[in-house]
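Enquirer: Could you have a look at this structure, given as structure tokens, before my questions?
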Amino acid sequence: MKKIISIVALIVLCSCSGISLLSGSDPSDLYTEKFLTFINAVKEDYKKGQSEIALKKLQGYQTETLLPTEKALRRNLIGVINFGEKNYEQAIYNFGLALSSSRLDKNLTAQIHLNLASSHYKMGYLDRAFSTLSITDFRSLDTQEAKKFHKLNYSIANELEKPSSAMRSLIWFLSSIDSLSALKSEPMYEKLMGSFFQLEENQKRRLLQEFEDEPFLVVGYLGYLEAEKLYYKGKKDEAKDLLEWVDDRYNKFQEISLLVTNFKFRLDNFTKMNPHSIGVILPRSGDKVEFGKRALIGIDNGIRELNNKFEGKPPFEIFVKDSEGSGVVGAYRVKELVEKNYVSVIIGGLFSSEATKEYLEARKHGVFFISLSQIYLPKEEKNHLLLEIPGSVESLVDNLFSPKMLAHFGKKAAVIYPDSDRGRAYVDEFWRKAKIHDVKVTGVKTYDKSKTDHRETIQKLLGLKYKREREEELAIMEDIHALEKNHSMRRIQNLKPIIDFDWVFVPAFPNEALQLIPSFTYYDAFNLNIIGGPSWRSTSMSKESHKLGSLYFVGDDFSIKDNTFINKFIDRYKVRPRLIEIRAYDAFKVISSVLSETSPGTRDELEMLIRNKENLSGITGKWTLNDGVWIKTMVPLKLRRGKIEDVILQNNEEPKSTL
């Protein structure tokens, strides 16, 4: 706020510091020499701090013979002095009168508008201040006054949450800068970057088009940055079009031209691809090395089978890199594989902590990334060049909200999720699907995964945490239980749990689920439909399931009909394949599914091939391209007393009633 007040003060002082006419205007047409001499004397008084004397001189000056612009200038200066004395209402009054006769001097008119807007701002009338600035011809102001105008306009637009207007002011404020080093050293540069990348893509596009006839380095640089961002998001065609636009309009700036040239060179290198080169990134050192070794067995089996299938054609070659168990290192390995080995596909992301960073780097280069674990990014951050072997968050929730699942379990749901990126990814997609399918969400509760006691979370879900809201019911129940002859030692609360949902979704890992689920029966909530995710197919869940009743989860269909795969694997490696080995092998089944018909020569051709595929298949399931992301077909499963069995969904017209 202090900065804005200082801006306003500077504007007002500068506005009374002199009048500059339009180029070609004759001063004698607008101001007489006698009047200008008088004004200069008044200014001297004002500069000496004698504002009362200056004001009396202006107010006492005979106005009958004054020219219209002279009347406007006099009123403007009276307004400026009142503003300095914090008489804002008087300032606004005089600025309004000044505008009635100032139109012949565009510079003066712009100054008056600026002063009027400043006065409205000081009075707290932000909307009036903004409206006044919007009709100000700032091009008629000199350079320094114009910069103050744009700085004030940016501040007010920001307060009024008008991002596009704020962005325009920033561009104009920085428009005179002609080098990137000077631009980046400007205090307003950080605000420029922050404001620009908060805009939606269509807003950014309109903004750039609005300035396309203005020869501003800042616009060319913003255009370049947006083209780069579009490309790394996988929107190559849009990125290339925007890059050409920047090159065509801003090539007079050597730094912009060099940026464009270098980026085009990188694009040419990115498009280089050997369709028979496959990159693999696994932890081959560190505390996750044993998992990496198991995945590598599946990789070895997969590449052998792939080359056998395409016998007689150029063999596929794998390049294995060590992620060291780090997402940062894994992302660097992606860059290496693309730039040095020209790989067409990368298999990686054995753990979600590595997968996200590796995928984001692969997306920059337009590489098909097959992740061996889930990636917890918003759906908008994913595209058709990402396939998650375990099934994505979107896949699980899509299957959860299928018509048959809703007909079987009901259309009233609750969700308990961990306070983590993973949990938030699930709950965001859960909400999105619930709205689409008209599912009533009766409860959404989060839990701290670092804790082991989650009774409070379950209490909240079951309406038992805040008893005051159920005070009357509690009193009745306490009276009833007081009359009972045999008190149960088991009872831990008198109120009955409120079960207003047909099913509850719990996207928790097994160790968390085993801490959460017992709390339901602890609070007398029995026989609930509790549904989890693929990780519930675990040894720990199976061992404890006899204590938990029937549980449900959505997972892969691991009923592999053809035993050939398993038998060959055992013959070759003398062990039975487990989850990690199967998923690693399945990545090559997907690659085989992509390349079964043709062998693309460039990344663009490979991308087009993948985009045009209706589905891809592996031994653990099938993926369908839906709304730009690969959705895996998954199945509902039941876990009871250590056994996993298929759920036979009831194809009812009406959902089941609430339990």
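The values are calculated or read from the model by the stated rules, or taken from the named source; none is laboratory data. Not measured: the values here are computed from a predicted model. Positions of Cβ are backbone-derived with ideal geometry, glycine not excepted, and every protein chain shown enters the neighbour counts.
Enquirer: What single numbered condition from (1) assigned by TED's automatic domain parsing to the domain that holds residue 582; (2) of a type in the set (Lys, Arg); (3) within 20 Å of residue 332 (Cα to Cα) fails to hold for residue 293?
Expert: Checking residue 293 against (1) assigned by TED's automatic domain parsing to the domain that holds residue 582; (2) of a type in the set (Lys, Arg); (3) within 20 Å of residue 332 (Cα to Cα), the one that fails is (3).
Enquirer: Still on this structure: Residue under question is residue 301, and the condition is that it be crowded, with 18+ Cβ neighbours inside 10 Å and at pLDDT 90 or above; does it hold? First the steps, then the outcome.
Expert: Values: crowded, with 18+ Cβ neighbours inside 10 Å: yes; at pLDDT 90 or above: yes.
Yes.
Enquirer: A further question on this structure: Looking only at region 469-487, decide whether some residue is closer than 30 Å to residue 422 by Cβ and modelled with pLDDT under 90. Before you say what the answer is, go through the steps one by one.
Expert: Looking only at region 469-487, we keep the residues that are closer than 30 Å to residue 422 by Cβ, and these are none.
No, there is no match, as no residue in region 469-487 is closer than 30 Å to residue 422 by Cβ and modelled with pLDDT under 90.
Enquirer: Among the residues of region 322-336, how many are buried (at least 16 other Cβ atoms within 10 Å of the Cβ) and within 18 Å of residue 352 (Cβ to Cβ)?
Expert: Total meeting the criteria: 10.
Enquirer: Quick one: in region 191-235, which of the residues that are part of a helix (DSSP H, G or I) and over 23 Å from the mean Cα position of the chain (by Cα) is nearest to residue 249 (Cα to Cα)?
Expert: The selected residue is 220.
Enquirer: Right, next: Is it the case, given these coordinates, that residue 347 is within 24 Å of residue 232 (Cβ to Cβ), in contact with an Asp or Glu (Cβ under 8 Å, 6 or more places away or on another chain) and outside any helix (DSSP H, G or I)?
Expert: Spelling it out, it is not the case that residue 347 is within 24 Å of residue 232 (Cβ to Cβ), in contact with an Asp or Glu (Cβ under 8 Å, 6 or more places away or on another chain) and outside any helix (DSSP H, G or I).
Enquirer: Would you confirm, using the coordinates I've provided, whether residue 125 is of a type in the set (Ser, Thr, Tyr), over 20 Å from residue 102 (Cβ atoms), surrounded by fewer than 22 Cβ atoms within 10 Å (Cβ to Cβ) and more than 29 Å from the chain's Cα centre (by Cα)?
Expert: Yes.
Enquirer: Can you say whether residue 242 is within 30 Å of residue 382 (Cβ to Cβ), over 20 Å from the mean Cα position of the chain (by Cα) and either assigned to a helix (DSSP H, G or I) or assigned by TED's automatic domain parsing to the domain that holds residue 386 (or both), as far as the supplied structure shows?
Expert: Against the criterion (within 30 Å of residue 382 (Cβ to Cβ), over 20 Å from the mean Cα position of the chain (by Cα) and either assigned to a helix (DSSP H, G or I) or assigned by TED's automatic domain parsing to the domain that holds residue 386 (or both)), residue 242 qualifies.
Enquirer: Further question on the same structure: Which pairs turn up if I take residues in region 297-321 that are assigned by TED's automatic domain parsing to the domain that holds residue 341 and more than 29 Å from residue 354 (Cβ to Cβ) and look for partners that are assigned to a loop (DSSP other than H, G, I, E, B) and of a type in the set (Val, Ile, Thr) with beta carbon separation below 8 Å, at least 6 apart in sequence or on another chain?
Expert: none
Enquirer: Of all residues in region 565-604 being of a type in the set (Asp, Glu) and not in a loop (DSSP other than H, G, I, E, B), which is nearest to residue 387 (Cα to Cα)?
Expert: For region 565-604, the residue satisfying everything is 586.
Enquirer: Which residue pairs have Cβ atoms under 6 Å apart, sit 6 or more places apart or on different chains, and have a first residue in region 223-251 that is in contact (Cβ under 8 Å) with a residue 24 or more places away in the chain and a second that is among the hydroxyl-bearing types (Ser, Thr, Tyr)?
Expert: Final answer for the pair search is 246/224.
Enquirer: While we're here: Can we say residue 407 is touching a residue at least 12 places away in the same chain (Cβ under 8 Å), more than 23 Å from residue 516 (Cα to Cα) and small (Gly, Ala, Ser)?
Expert: For residue 407, the condition - touching a residue at least 12 places away in the same chain (Cβ under 8 Å), more than 23 Å from residue 516 (Cα to Cα) and small (Gly, Ala, Ser) - is met.
Enquirer: Can I ask one more? Scan region 179-192 residue by residue and report those that are closer than 19 Å to residue 151 by Cα and touching a residue at least 12 places away in the same chain (Cβ under 8 Å).
Expert: Of everything in region 179-192, those that are closer than 19 Å to residue 151 by Cα and touching a residue at least 12 places away in the same chain (Cβ under 8 Å) turn out to be 183, 186, 188, 189, 191, 192.
Enquirer: Right, something else. Yes or no: residue 375 in a loop (DSSP other than H, G, I, E, B), surrounded by 21 or more Cβ atoms within 10 Å (Cβ to Cβ) and at pLDDT 95 or above?
Expert: Considered against the rule, which asks whether it is in a loop (DSSP other than H, G, I, E, B), surrounded by 21 or more Cβ atoms within 10 Å (Cβ to Cβ) and at pLDDT 95 or above, residue 375 comes out as yes.
Enquirer: On to the next question. Can you run down the residue pairs with Cβ atoms below 6 Å, 6 or more apart or on separate chains, where the first is in region 422-445 and in the same structural domain as residue 500 (by TED's automatic domain parsing) and more than 13 Å from residue 411 (Cα to Cα) and the partner is in a helix (DSSP H, G or I) and not hydrophobic (A, V, I, L, M, F, W, C)?
Expert: Within 6 Å, the pairs are 429/394; 445/457; 445/460.
Enquirer: In addition: Does residue 526 qualify as being at pLDDT below 95, of a type in the set (Phe, Trp, Tyr) and in a loop (DSSP other than H, G, I, E, B)?
Expert: Spelling it out, residue 526 is indeed at pLDDT below 95, of a type in the set (Phe, Trp, Tyr) and in a loop (DSSP other than H, G, I, E, B).
Let's see how each residue does on (1) under 18 Å from residue 372 (Cα atoms); (2) modelled with pLDDT of 90 or more:
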{"residue": "586", "(1), (2)": "yes, yes"}
{"residue": "612", "(1), (2)": "no, no"}
{"residue": "615", "(1), (2)": "no, yes"}
{"residue": "626", "(1), (2)": "no, no"}
{"residue": "631", "(1), (2)": "yes, yes"}
{"residue": "635", "(1), (2)": "no, yes"}
{"residue": "652", "(1), (2)": "no, no"}
{"residue": "656", "(1), (2)": "no, no"}
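Enquirer: Which of the residues spanning region 412-421 are surrounded by fewer than 20 Cβ atoms within 10 Å (Cβ to Cβ) and either within 17 Å of the chain's Cα centre (by Cα) or among the basic types (Lys, Arg) (or both)? Let's see the steps before the verdict.
Expert: Narrowing region 412-421 to residues surrounded by fewer than 20 Cβ atoms within 10 Å (Cβ to Cβ): 419-421.
Residues satisfying the conditions are 420, 421.
Enquirer: Just for region 591-646: of the residues that are among the basic types (Lys, Arg) and over 24 Å from residue 405 (Cα atoms), which one is surrounded by the most Cβ atoms within 10 Å (Cβ to Cβ)? Write out each step before concluding.
Expert: Filtering region 591-646 down to residues among the basic types (Lys, Arg) leaves 603, 611, 613, 622, 632, 638, 640-641, 643.
In the following step, the residues that additionally are over 24 Å from residue 405 (Cα atoms) were identified as 603, 611, 613.
Details: 603: 23, 611: 12, 613: 17.
Among those residues, the one meeting the criterion is 603.
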